[in-house]
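The values are calculated or read from the model by the stated rules, or taken from the named source; none is laboratory data. Since the structure is predicted, the reported quantities are computational estimates derived from the model, not experimental observations. Please note: Cβ atoms are built from the backbone with ideal geometry, for glycine as well, and neighbour counts cover all protein chains shown. Quick note on the areas: whole protein, heavy atoms, side chains included, nothing else; ligands and nucleic acids left out. Shrake-Rupley method; radii C 1.70, N 1.55, O 1.52, S 1.80 Å.
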Amino acid sequence: MKTVNHWIGGKTVEGASGNYGPVTDPATGEVTTQVALASAEEVDAAVQVATEAFQSWGQSSLAARTKVLFAYRALLDANRDAIAELITAEHGKVHSDALGEVARGLEIVELACGITTQLKGELSTSVSNRVDVSSIRQPLGVVAGITPFNFPAMVPMWMFPLAVACGNTFILKPSEKDPSAANKLAELASEAGLPAGVLNVVHGDKVAVDALLAHPGIAAVSFVGSTPIARHIHTTASANGKRVQALGGAKNHMLVLPDADLDAAADAAVSAAYGSAGERCMAISAVVAVGSIADELVEKIRERAEKIKIGPGNDPTSEMGPLITAAHRDKVASYVKGAADQGADVVLDGTGFTVDGFEKGHWIGLSLLDNVKTDSDAYRDEIFGPVLCVLRAETYEEGVALINASPFGNGTAIFTRDGGAARRFQLEIQAGMVGVNVPIPVPVGYHSFGGWKDSLFGDHHIYGNDGIHFYTRGKVVTTRWPDPSEAPVGIDLGFPRNH
């Protein structure tokens, strides 16, 4: 059986703990690979390697860093298909979706290629007599990233390209459910000329995570995952003196006003709710239909959802693949099975779905729940699967109040032709990312990604300017040089004068 080992110091390092985790092909249900699970001692060894590498990489020129990043961008572009195939084999998402993930990750690499302009400091001359003040940003040291299973290439690329561009060294702990893409990213970085030890990949479970959070040699931790784990990461790492950005879960709403183009809204709802089998934190999982359009909108969504072709991710005709594990599939199904008892109308029930010839795969069909109540489990919890809830509101104000009452505030969207309503919505809604007639408002690489409330723990969003600030710290330098024509002024114990 294939084994995925660690990548430390620019080379493959076999696991030494003796512990391994299974990696499953979600389409077949078969265990195809095992992944080494690191001990605390192995994590420490990786930190030591990264610490040593920082001594030179942190002092390297911006020209040297960007040369590597430009070469890395070219290699990633040339290997898009190979990376996407690894994602499909271990995550299950269809190939086109996997390619899209790689493309969005490349945006951050491209941002990192322009780090020379992003790291420019500020200078104020003559703030006093021959006194200048400058502000500069410097790297933190060794930083770590803990990433989820749903985007095994994109989310790591949200982190380490900017971190290393800023002069840090990086330790990546990817999900043990689909680890191979992370190793491929690291191997390509080495091929591009990234020095050994600058980017390291340590696989593992909670043991490895806790070791990273506690290690005194790590200056900062980035995390993307569920809200309970994000809260734990933030609390634990902060208590250990680390800078933390921890992105949590979501319950993203789409408000559809009576004047909206219902065909466009239905298309968007299906794409945003069921794409990547609903396994993404920016999925639309709740549609709030305002006024009399609810019945028509639900019917349009149902018509489209019934036509979605579900099958193996490597089948070019498949539009949606399986879920990551059988246990997750069963959990998602439990929300659908319990929805009717909690007052919802089950318009589509995707539980019990299978694919001929792949009966042991982690399959589930598309589910659509109407008249969902805000106190039901299907609404309150982040299901992370292809289940769309429809709620109803009489007015715009009622719909906004419903959305703002959610403990999550990751992303949200409004569908309307009314510019005034859209403007009110983007100002009044309590969420970090807002779409206007855009169902999944994931920002481009040069704007930052992040939510509000229980969707973000820490002060910085990820990538964009926030990401650059997270991976650097500011320093202010005040300088005074005597004029060559003047004699030494001697000692002056008075407070420095600014005028």
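Which ranges mark the helices (runs of 4 or more DSSP H) fully within the stretch 359-435 that have 3 or more residues being out of contact with any helix residue (DSSP H, G or I) (no Cβ under 9 Å at 6 or more places or on another chain) and at pLDDT 95 or above?
396-404, 419-428
So which of VAL477, VAL434 ends up being exposed (fewer than 15 other Cβ atoms within 10 Å of the Cβ) and farther than 19 Å from THR227 by Cβ?
One residue alone meets the criteria, VAL477.
Mind listing whichever residues of the stretch 210-233 are open to solvent by 30 Å² or more (accessible area, probe 1.4 Å) and more than 17 Å from ALA46 (Cβ to Cβ)?
Of everything in the stretch 210-233, those that are open to solvent by 30 Å² or more (accessible area, probe 1.4 Å) and more than 17 Å from ALA46 (Cβ to Cβ) turn out to be SER226, PRO228, ILE229, ARG231, HIS232.
Being touching a strand residue (DSSP E or B) at 6+ places or on another chain (Cβ under 9 Å) and open to solvent by 60 Å² or more (accessible area, probe 1.4 Å) is the filter here; which residues of the stretch 347-370 pass it?
If the condition is that a residue be touching a strand residue (DSSP E or B) at 6+ places or on another chain (Cβ under 9 Å) and open to solvent by 60 Å² or more (accessible area, probe 1.4 Å), then ASP349, PHE353, LYS360 are the ones that fit.
Would it be correct to say that ILE491 is open to solvent by 70 Å² or more (accessible area, probe 1.4 Å) and either free of Cβ contacts under 8 Å to residues at least 12 places away in the same chain or not in a loop (DSSP other than H, G, I, E, B) (or both)?
In short, yes.
Answer with yes or no whether VAL476 is among the hydrophobic types (A, V, I, L, M, F, W, C), touching a helix residue (DSSP H, G or I) at 6+ places or on another chain (Cβ under 6 Å) and part of a strand (DSSP E or B).
Considered against the rule, which asks whether it is among the hydrophobic types (A, V, I, L, M, F, W, C), touching a helix residue (DSSP H, G or I) at 6+ places or on another chain (Cβ under 6 Å) and part of a strand (DSSP E or B), VAL476 comes out as no.
How many residues does the stretch 452-473 hold that are within 25 Å of LEU119 (Cα to Cα) and outside any strand (DSSP E or B)?
Total satisfying the criteria: 12.
Which residues, counting only those in the stretch 239-264, are open to solvent by less than 50 Å² (accessible area, probe 1.4 Å), more than 24 Å from TYR379 (Cβ to Cβ) and assigned to a helix (DSSP H, G or I)?
Matches in the stretch 239-264: ALA264 only.
Would you mind stating whether SER292 is under 24 Å from the mean Cα position of the chain (by Cα) and assigned to a helix (DSSP H, G or I)?
Considered against the rule, which asks whether it is under 24 Å from the mean Cα position of the chain (by Cα) and assigned to a helix (DSSP H, G or I), SER292 comes out as no.
Under 7 Å between Cβ atoms, which residue pairs at least 6 apart in sequence (or on different chains) link something in the stretch 268-283 that is of a type in the set (Phe, Trp, Tyr) with a partner that is part of a helix (DSSP H, G or I)?
TYR274/ALA305
Please pick out the residue among GLU299, GLU306 that is without any contact (Cβ under 8 Å) to a residue 24 or more places away in the chain and farther than 14 Å from CYS389 by Cβ.
Of GLU299, GLU306, the one residue that is without any contact (Cβ under 8 Å) to a residue 24 or more places away in the chain and farther than 14 Å from CYS389 by Cβ is GLU299.
Can you tell me which residue within the stretch 125-179, out of those that are surrounded by 21 or more Cβ atoms within 10 Å (Cβ to Cβ) and among the hydroxyl-bearing types (Ser, Thr, Tyr), is nearest to GLY10 (Cα to Cα)?
If we take residues in the stretch 125-179 being surrounded by 21 or more Cβ atoms within 10 Å (Cβ to Cβ) and among the hydroxyl-bearing types (Ser, Thr, Tyr), then THR169 is nearest to GLY10 (Cα to Cα).
Got a sec? Which of ALA74, ALA53, ALA36, ALA63 is buried (at least 22 other Cβ atoms within 10 Å of the Cβ) and closer than 28 Å to THR472 by Cα?
Just one listed residue meets the conditions, ALA53.
So, in the stretch 26-53, exactly how many residues are free of Cβ contacts under 8 Å to residues at least 40 places away in the same chain and closer than 30 Å to CYS166 by Cβ?
2
Which one of the conditions (1) free of Cβ contacts under 8 Å to residues at least 24 places away in the same chain; (2) open to solvent by 30 Å² or more (accessible area, probe 1.4 Å) does ARG392 fail to meet, given that it meets all the rest?
All conditions pass for ARG392, except number (1).
Between ALA89, ALA74, which is part of a helix (DSSP H, G or I) and touching a helix residue (DSSP H, G or I) at 6+ places or on another chain (Cβ under 8 Å)?
ALA89
Need the failing condition index for THR236 against (1) open to solvent by 30 Å² or more (accessible area, probe 1.4 Å); (2) outside any helix (DSSP H, G or I); (3) among the polar types (S, T, N, Q), just the number.
For THR236, the failing item is (2).
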